[in-house]
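Participant: Before anything else, here's the structure in question.
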Amino acid sequence: MGNFFYVNYTGPNGETAGIFAEPNESLTAFFPYPYLLKIPHEADSEDWIFVENHEDDSGATRGRGWMRTWAVGEPIPSDPISLSAASLTLSAIRHELDESVNTSASIAADFFIALFLLENQVDLSAEPDKNDVYLVNNPIATPDKQGAYSISTAQWDAFLLAEGDKLKGWAGYHKELPLPQMWCAVWLARENRKDIGAIRGASATDPFVPRLLDLLLAHLIGAKAAAEVVRLEAEDEGMNRNIKTILRNVYGWNDESPELVALFGDRPNYLGPLTPTGGTTGGMHSVEEFLTICRENLAEALGYSARLIDLHVPGFQITLSDATRTWMERAMTEHQTWQDDNWVEQTEPGLSRAKDYFKATSYPLGQVGIGPDNELTHWCGAFVAYCMKEAGQSIPMGAAAAANWRKWGDGSVRWRNGDEVPVGAVVMTAGNQGTSRISHVNFVADWQPGEEYYLGLGGNQSDSVTIAPFRKENIAEIRVLSRKTASTNEDAVVLAKTLYGEIRGGNDEQTRNVANVVLNRFFAGYRSQGSIAGVCLAHKQFSCWNPGTQARDILDRLPEDDPTYLVLLALAQEVIANRTENPDVPPPLENARHYHNYHAKPDWAEPSKEVHRDGKHIFYRDIA
């Protein structure tokens, strides 16, 4: 590794090298192993330097501490660090999938692939090949920020502190490796998303939906400066101001601030050259120029990333459900009514109709009203929820907020490779230029590959239900309901064990009813994690899988040749085959996704939503 140094064991006056807890030789030291890694520290001086000690260049750290500067010897030669295209792509996809399960909204794998490509100056003019290998070739001038994703020591230490329980044994050494840096970059992007949202005034009812462009800005200049640039763009003001002025104002720097000088030295291609106050701006970039460079670079890298994903994981693209036609029929009917009668939200009957949409959500109707700006509570999410409910589809928790639609469905459309996006897909966008809105949601009404805009059908658009153009670059995510045409043996096994735990001893109808509830959840993308097995194993959904219970212990020890289990396995395979091979058949039990036994009284049960009783269980539809 290029950042490792040999130890000089004997000093200029015959002293013996040691590593100390503090920069003070009166404290007890330990004898160092041969390899040192410099760890930048604010207390570093001409006499003392903070280091991490290793037995060799591939093992875990043996400790950290202070050494006399004379004890740090020559750098240890190393081979260039590289990363295969396959590892880059598969690792980014793994992070997206992990995020989609563990958080309310994941960040697309495309972004972290693109970020690596940009930071390491990968040639994007050629078509990617499966056997490509990329050198870590980051031109960042600041030594502390070199590496695949330009992660600083301060960022790395914060990452280890936040995620340490998942990273047993990780230390400063891992910071130099590409895939650990990617992991840190994922964490930083999540933090930047929260920070920009807080600065932009996001709330629980109107969360912030970042564009990938916003996340790139935050990666380059920090979340606070990125939020200011996003604000200037949204309000269409100050775009001609030079970027140095923005950075000075946001962070309280002056022209001599080392942070400002270092940032311009690290990012000349994005920021231009640093010029002194009072001098000519020279090539220093304006906010508009900075945004244009970021936008164009990111678009090119995202297109390349999409091709990498298609190359290495062609199955990551999904087959879309035909169900979109049902909610689009309702949406088009609503659109026709609003347009034919010239309805707007400020006057009746448009006002009452817009308020009615909230009945499809959990948003308190008593809080729906006219604000100080003479506009109704933002109702784009409520409109989408209404159309979905009318079509018999599930909606996410908090559906009135646009950002929460990122949790709907069971797949994201990766559209940056020039692909078509289906009519009826649900699109979340960040605030468009000229508006202070944090986020918006609508349906795709028309999509043309290569065009700058798509047509979105939605509510709360020009105070009405309209079909209007939206910039594709402002898209945060496109969510769809996929048409599942295949399942794995694991799905059948887990479903059979779920039936064993939930309905063992029930008759054939009762057993099939429980199985169909699982499949109803799967096809609706309701807490499915993308698979039938995922439905069964979702946290606290089917009690037989709850950790530490007797029921779970029975399932974990269930023999594969258990006669009851074998009968249930055959039934599970039959139900899965029937449902996946006949996706156009209406879902059983009126698409019920919840049930309880006759003796239970769960607080979620709503009598008005009961659809079936089978002698053992009561079934419900449209429970959030």
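The values are calculated or read from the model by the stated rules, or taken from the named source; none is laboratory data. No experiment lies behind these values; they were computed from the predicted model shown. Backbone-built Cβ (ideal geometry, glycine too); neighbour counts: all protein chains shown. Ligands, DNA and RNA are stripped out before the accessible areas are found, and what is left, the full protein with its side chains, is counted by its heavy atoms. Shrake-Rupley method; radii C 1.70, N 1.55, O 1.52, S 1.80 Å.
Per-residue answers, yes or no, for (1) assigned to a loop (DSSP other than H, G, I, E, B); (2) open to solvent by 10 Å² or more (accessible area, probe 1.4 Å); (3) at pLDDT below 85:
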{"residue": "399", "(1), (2), (3)": "yes, no, no"}
{"residue": "416", "(1), (2), (3)": "yes, yes, yes"}
{"residue": "421", "(1), (2), (3)": "yes, no, yes"}
{"residue": "429", "(1), (2), (3)": "no, no, no"}
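Participant: May I pose another question? Of the residues in region 300-340, how many are modelled with pLDDT of 90 or more, open to solvent by 20 Å² or more (accessible area, probe 1.4 Å) and within 28 Å of the chain's Cα centre (by Cα)?
Facilitator: Within region 300-340, residues that are modelled with pLDDT of 90 or more, open to solvent by 20 Å² or more (accessible area, probe 1.4 Å) and within 28 Å of the chain's Cα centre (by Cα) number 1.
Participant: How many of the residues making up region 434-473 are among the small types (Gly, Ala, Ser) and at pLDDT below 85?
Facilitator: Taking region 434-473 first, the residues among the small types (Gly, Ala, Ser) are 434, 436, 439, 445, 450, 456, 458-459, 462, 464, 468.
Right, trim to at pLDDT below 85 and you get 434, 436, 439, 450.
Number of matching residues: 4.
Participant: Based on this model, can you work out whether residue 623 counts as closer than 20 Å to residue 394 by Cβ, without any contact (Cβ under 8 Å) to a residue 24 or more places away in the chain and either surrounded by fewer than 18 Cβ atoms within 10 Å (Cβ to Cβ) or among the hydrophobic types (A, V, I, L, M, F, W, C) (or both)? Explain how you work it out, then say what you get.
Facilitator: Numbers: closer than 20 Å to residue 394 by Cβ: yes; without any contact (Cβ under 8 Å) to a residue 24 or more places away in the chain: no; either surrounded by fewer than 18 Cβ atoms within 10 Å (Cβ to Cβ) or among the hydrophobic types (A, V, I, L, M, F, W, C) (or both): yes.
The answer is no for residue 623.
Participant: OK, next. So residue 480 fits all but one of (1) modelled with pLDDT of 85 or more; (2) under 26 Å from the mean Cα position of the chain (by Cα); (3) of a type in the set (Val, Ile, Thr); what number is the exception?
Facilitator: For residue 480, the failing item is (1).
Participant: For region 175-187, give me each residue that is of a type in the set (A, V, I, L, M) and crowded, with 22+ Cβ neighbours inside 10 Å. First the steps, then the outcome.
Facilitator: Our first condition is that a residue be of a type in the set (A, V, I, L, M); within region 175-187, this holds for 177, 179, 182, 185-186.
Correct list: 182, 185, 186.
Participant: Could I ask something else about it? Out of (1) in contact (Cβ under 8 Å) with a residue 12 or more places away in the chain; (2) open to solvent by 60 Å² or more (accessible area, probe 1.4 Å), what's the single condition that is false for residue 125?
Facilitator: Only one criterion is unmet by residue 125, namely (1).
Participant: Also, I was wondering about something else. Kindly provide the set of residues from region 63-98 that are of a type in the set (Asp, Glu), in a helix (DSSP H, G or I) and modelled with pLDDT under 75, ordered by number. Steps first, please.
Facilitator: Kept after step one, since they are of a type in the set (Asp, Glu), are these residues of region 63-98: 74, 79, 96, 98.
Restricting the remaining residues to those that are in a helix (DSSP H, G or I) gives 96, 98.
Answer for region 63-98, where residues must be of a type in the set (Asp, Glu), in a helix (DSSP H, G or I) and modelled with pLDDT under 75: just 98.
Participant: Tell me whether region 99-117 contains one or more residues that are at pLDDT below 80, acidic (Asp, Glu) and either in a strand (DSSP E or B) or within 22 Å of residue 215 (Cα to Cα) (or both).
Facilitator: The answer is yes; a qualifying residue exists.
Participant: While we're looking at this one, here's another question. Go through 585, 567 for me and flag whichever is surrounded by 15 or more Cβ atoms within 10 Å (Cβ to Cβ) and without any contact (Cβ under 8 Å) to a residue 12 or more places away in the chain.
Facilitator: Working: 585 fails: surrounded by 15 or more Cβ atoms within 10 Å (Cβ to Cβ).
Just a single option satisfies the conditions, and that option is 567.
Participant: For region 213-229, give me each residue that is touching a residue at least 40 places away in the same chain (Cβ under 8 Å), farther than 16 Å from residue 149 by Cβ and among the aliphatic types (A, V, I, L, M). Reasoning before the result, please.
Facilitator: Narrowing region 213-229 to residues touching a residue at least 40 places away in the same chain (Cβ under 8 Å): 213-217, 219-221, 229.
Next, only the ones that are farther than 16 Å from residue 149 by Cβ stay: 213-214, 229.
Answer for region 213-229, where residues must be touching a residue at least 40 places away in the same chain (Cβ under 8 Å), farther than 16 Å from residue 149 by Cβ and among the aliphatic types (A, V, I, L, M): 213, 229.
Participant: Just to confirm my filter: which helices (runs of 4 or more DSSP H) fall fully inside region 508-588 and include at least 1 residues that are over 22 Å from residue 617 (Cα atoms) and under 32 Å from the mean Cα position of the chain (by Cα)?
Facilitator: Values: elements: 508-524, 532-537, 550-556, 563-581.
Filter on region 508-588 gives 532-537, 563-581.
Participant: So, one more: Being over 16 Å from residue 271 (Cα atoms) and either open to solvent by 10 Å² or more (accessible area, probe 1.4 Å) or aliphatic (A, V, I, L, M) (or both) is the filter here, so list the residues in region 206-222 that pass it.
Facilitator: Within region 206-222, 206, 207, 208, 209, 212, 215 qualify.
Participant: Would you be able to tell me the number of residues in region 225-248 that are within 23 Å of residue 477 (Cα to Cα) and among the charged types (D, E, K, R)? Walk me through it before giving the result.
Facilitator: Step one: list which residues in region 225-248 are within 23 Å of residue 477 (Cα to Cα), which gives 226-235.
Filter once more, keeping what is among the charged types (D, E, K, R): 228, 231, 233, 235.
Here the count works out to 4.
Participant: Would region 130-140 turn up any residue that is over 24 Å from the mean Cα position of the chain (by Cα), farther than 17 Å from residue 178 by Cβ and either assigned to a helix (DSSP H, G or I) or in contact (Cβ under 8 Å) with a residue 24 or more places away in the chain (or both)? Please lay out each step first, then the result.
Facilitator: Just the residues of region 130-140 that are over 24 Å from the mean Cα position of the chain (by Cα), to begin with: 130-140.
Keeping just the survivors that are farther than 17 Å from residue 178 by Cβ gives 130-131.
Still in the list and also either assigned to a helix (DSSP H, G or I) or in contact (Cβ under 8 Å) with a residue 24 or more places away in the chain (or both): 130-131.
Yes, some residue in region 130-140 is over 24 Å from the mean Cα position of the chain (by Cα), farther than 17 Å from residue 178 by Cβ and either assigned to a helix (DSSP H, G or I) or in contact (Cβ under 8 Å) with a residue 24 or more places away in the chain (or both).
Participant: Can you work out which of the residues in region 532-550 that are open to solvent by 40 Å² or more (accessible area, probe 1.4 Å) and modelled with pLDDT of 80 or more is nearest to residue 501 (Cα to Cα)? Walk me through it before giving the result.
Facilitator: Taking region 532-550 as the starting set, the residues that turn out to be open to solvent by 40 Å² or more (accessible area, probe 1.4 Å) are 537, 539-541, 543, 546-550.
If we keep only those that are modelled with pLDDT of 80 or more too, we end up with 537, 540-541, 543, 546, 550.
Working: 537: 12, 540: 14, 541: 13, 543: 8, 546: 11, 550: 10 Å.
Residue satisfying both the conditions and the ranking: 543.
Participant: Can you tell me how many residues within region 603-614 are assigned to a loop (DSSP other than H, G, I, E, B) and either touching a helix residue (DSSP H, G or I) at 6+ places or on another chain (Cβ under 6 Å) or loosely packed, with under 10 Cβ neighbours inside 10 Å (or both)?
Facilitator: Step one: filter region 603-614 for residues assigned to a loop (DSSP other than H, G, I, E, B), giving 603-606, 614.
Then drop every residue that is not either touching a helix residue (DSSP H, G or I) at 6+ places or on another chain (Cβ under 6 Å) or loosely packed, with under 10 Cβ neighbours inside 10 Å (or both), which leaves 603, 614.
Total meeting the criteria: 2.
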